[in-house]
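K.L.:
Please find one structure pasted underneath; my questions will follow.
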Amino acid sequence: MLVGAALLQEQPCDRLSPDEQALIGFYLDLSDRKQVERALRESEERLHLILDASALGMWYCDLPLNVLLCNKTCKEHLGLPPQGEVTIDLFYACLHPDDRESTRQGIEKAIGDRTPYDAEFRTRGPDGHLRWVRVKGQIFNDPTSGRPYRFDGITIDITAAKQAEAERELLLARRSQYALQLHGLTHASMVMNASLSVESVLRSITEQARAIIGAHQAIARVTLNGETLISCSLAERHAAWQGAEHHLELLHLQPDEPLNQSLRMTQDELSGDPRWQALAQQQYSLPMHGWLAAPLRIQGDRLIGSVQLSEKIEGEFNEEDEAIVVQLAQIAAVAIENTRLYEAEQRARTHAEEANRIKDEFLAVLSHELRTPLNPILGWVKLLRTRQMDEAKVARALETIERNASLQAQLIEDLLDVSRILRGKINLAICSVNLQAVVEAALDMVRLAAQAKGIEIDTQFVSGLPTISGDPNRLQQVVCNLLSNAVKFTPNGGRVSVQLWADGSFVKIQIQDNGAGINPHFLPYVFDYFRQQNSSSNRAFGGLGLGLAIVRYLVELHGGTAIAQSPGEGQGAIFTVAFPLMPPSSNDWAAERVAPVELASTPAFSSLQGLRILVVDDEVDTRELLIFTLEQYGAQVLAVGSAQVAINCIASSESQFDLLLSDIGMPEMDGYQLIHQVRSLPPAQGGNILAIALTAYAGHINRQQILQAGFQAHLAKPIEPAALAVAIVNLLASQPQLN
């Protein structure tokens, strides 16, 4: 291939003579060189294509370091401007400040040690974009001098790989953190389920939630039975807020509606919320950074409160945090329900134990109160049997026996009253009642006891008081119980005052003493059944602790109120009962509804003269007492010990009786069966005989059953002789054909 020519001449050819003209030339063949250049160019083009396709950057640099020759990709990787010369200083300027010095030292070390260079660093381009770049360089040495003269290499953009690695590490860290949270969740579950109070559960969930999630603030808020409980756990940076529960309502946002589901807010979302903007201006608001909350539900779906966290130690609250808090809230809700059940069981157990204790104390007191009157009764009876006492001693003995027997009867009647009260079987004989007369009658009953202790009773009655609607006997029982207590608990020489006045639509009775007083701790229970301020064996006062319970029930049954007051032990007590006035229009109604029968209080001994009475009782002592009593009143008495014998006597044509007195509780055939068979007899054989039941059983149901069985009247044991005679006289009076 001819690729060129060269001409050498010393002067122009036109100056040569024809004889001197000559041309000297030579030719150079460049075919091989051109082929090499073309091959090199093609190789470079292929290399650039490969580099472009592989996103590799290439750089060349003569040593010492000064100017770098970089391809376009390399400039992009290193954050260099696309145009202009690239110096080593410009290269260093594009590096991340944190990587600049270490990169400089690495390059200098590779050149100095003549070792390959391999490093990763960050670069920042003109647009501020941050890249991770890996650089691999090679040192080339001069074959003649052995000194390094070139530093060439490639660049690789590893930003995506670094991001993936960071995400992977973050994911692994989150998984590790989640595993730790699950472990913490297990521990928290054990702690909360071991709690024995709602307060303890709330304290545990705030502490555990803050520790597991890694937050500076945690608060739990619960409302149960109208009472709100709040517990918080704060980091040391907020230690000054510990104990400031009265300000904790400002700690977190309160949703407009109840928190029915979990809620997570970033700091940006929180800052943009108008409620937080208003809350942040409060004087007592704690700093917040993000917010995470979960509801507390019990009994299926009953919302009782929430647990809330704020200010996470690292980053924002994430989905795993939310899932953990939801589970913590569920565990806490179950623990709260369990503690409520436990507390209810404990209260029931305590109540049952207290009831058993009160029952045992009551039985001990009852035994004491029943045995105490028996001692003088039996003692005086044995002394009477000696017949060595004068009439004064005999009278004293009989008085003591009667008083203690009456005391026992009253104790039993109080017990029966309580039984009727508990079963709602107290019946009132309603009529128009003058309370002053009731109070004066009660005063007459306690006056002797007061005089025996030298107690002065002052009375202040407002005259002309209107009447009330009530049962006079039960009202007298109320006043008598209060007066008896006042006399009992007032020391010798003390004072009791009784006031009666009208106050608006009520009439009030107030009884005040300067006696033993009432302990403030016992005052709320003073009207409870079987409760006594001192039920120990060394107590100074007797009684079963039933009187005031009966008082309150009877007062409330009349539509009134009973109040006890006392400054304290040793400072006396004040009892006030109030009864509503009778409406003006109710006087006639009350008078028509109740028509009480006037009874003779002391019947004459001849009032039963000639009356033929059949007595049936399986107890010999009772039969003898009834025979003696009835014969004292002039009756002719036949007493038998069984119901069958009584039926035979009534049916016998030889025996005709005017009245049957029968016990109810008897062996083989009781009083109900007896009267049933008697009523089945023809009138000529005594089927219509008048009958009165005598029983130690008591209660409204027993009375109804007795009357329905066929008896015309009923008397409860123990039986007063005069009361028995009165009952017989009244029954006869109700049967004109027998008068």
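K.L.:
Could you check what % of the DSSP bridge pairs in segment 612-738 are antiparallel, to the nearest 5?
P.N.:
Restricted to segment 612-738, the bridges split so that about 0 percent are antiparallel.
K.L.:
Here's another thing I want to ask about it. Exactly which trypsin sites (Lys or Arg not before Pro) in segment 86-160 are in a DSSP loop and have at most 14 other Cβ atoms within 10 Å?
P.N.:
Passing both the DSSP loop test and the Cβ count: Arg114.
K.L.:
Between Glu624 and Arg168, what is the spin-label point distance in nm, taking each point 7 Å from the Cα along the Cα→C-beta axis?
P.N.:
11.3 nm
K.L.:
List Lys382, Lys34, Lys162 from most exposed to least, where exposure is judged by having the fewest other Cβ atoms within 10 Å.
P.N.:
With the sparsest Cβ surroundings first, the list reads Lys382, Lys34, Lys162.
K.L.:
Which pairs break 22 Å Cα to Cα here: Lys162/Lys312; Lys72/Lys109; Lys34/Lys72; Lys136/Lys162?
P.N.:
Checking Cα-Cα distances, Lys162/Lys312; Lys72/Lys109; Lys34/Lys72 exceed 22 Å.
K.L.:
Once both labels are modelled 7 Å past Cα along the beta-carbon direction, what's the Val67-Thr228 spacing in nm?
P.N.:
Distance between the two pseudo-spin positions: 7.8 nm.
K.L.:
Report the extension gain between Ser102 and Asp142 in nm, rounded to one decimal, defined as 0.36 nm multiplied by the number of residues separating them, less their alpha carbon distance. Working shown, then result.
P.N.:
Working: separation 40, 0.36 × 40 = 14.40 nm, distance 2.75 nm.
Difference between extended and current length: 11.7 nm.
K.L.:
So for Ile518, Ile298, fewest C-beta neighbours within 10 Å to most, what's the order? Numbers along the way, then the final one.
P.N.:
Values: Ile518 22, Ile298 19.
So the residues, fewest neighbours to most, are Ile298, Ile518.
K.L.:
To the nearest 0.05, what FRET efficiency results for Ile158 and His187 with a Förster distance of 41 Å applied to their C-beta separation?
P.N.:
Computed FRET efficiency for Ile158 and His187 comes out at 0.50.
K.L.:
Full extension from Gln388 to Thr400: what is 0.36 nm times the residue separation minus their Cα-Cα distance, to one decimal in nm?
P.N.:
Length difference between fully extended and current span is 2.6 nm.
K.L.:
Give me the percent relative contact order of segment 612-738, please, defined on Cα pairs under 8 angstrom at least 6 residues apart.
P.N.:
Reported as a whole number, the value is 21 percent.
K.L.:
Among Val381, Val640, Val498, what is the fewest-to-most ranking by other Cβ atoms within 10 Å?
P.N.:
Starting with the residue having the fewest Cβ neighbours, the order is Val381, Val640, Val498.
K.L.:
If each residue of separation counts as 0.36 nm, what is the full-extension length gain between Ala452 and Asp29 once their alpha-carbon separation is subtracted? Mind showing how you got there, number by number?
P.N.:
Details: separation 423, 0.36 × 423 = 152.28 nm, distance 16.14 nm.
Between Ala452 and Asp29, full extension yields 136.1 nm more.
K.L.:
If R₀ is 22 angstrom, what is the calculated FRET efficiency for the pair Tyr342 and Asp301, using the beta carbon separation as r and rounding to 0.05?
P.N.:
So the FRET efficiency works out to roughly 0.50.
Where a number appears in this text, it was derived from the coordinates with a stated rule and is not lab data. In this text the structure is predicted, and so the values were computed from the model without any measurement. All Cβ positions, glycine included, derive from the backbone under ideal geometry; neighbour counts span all protein chains shown.
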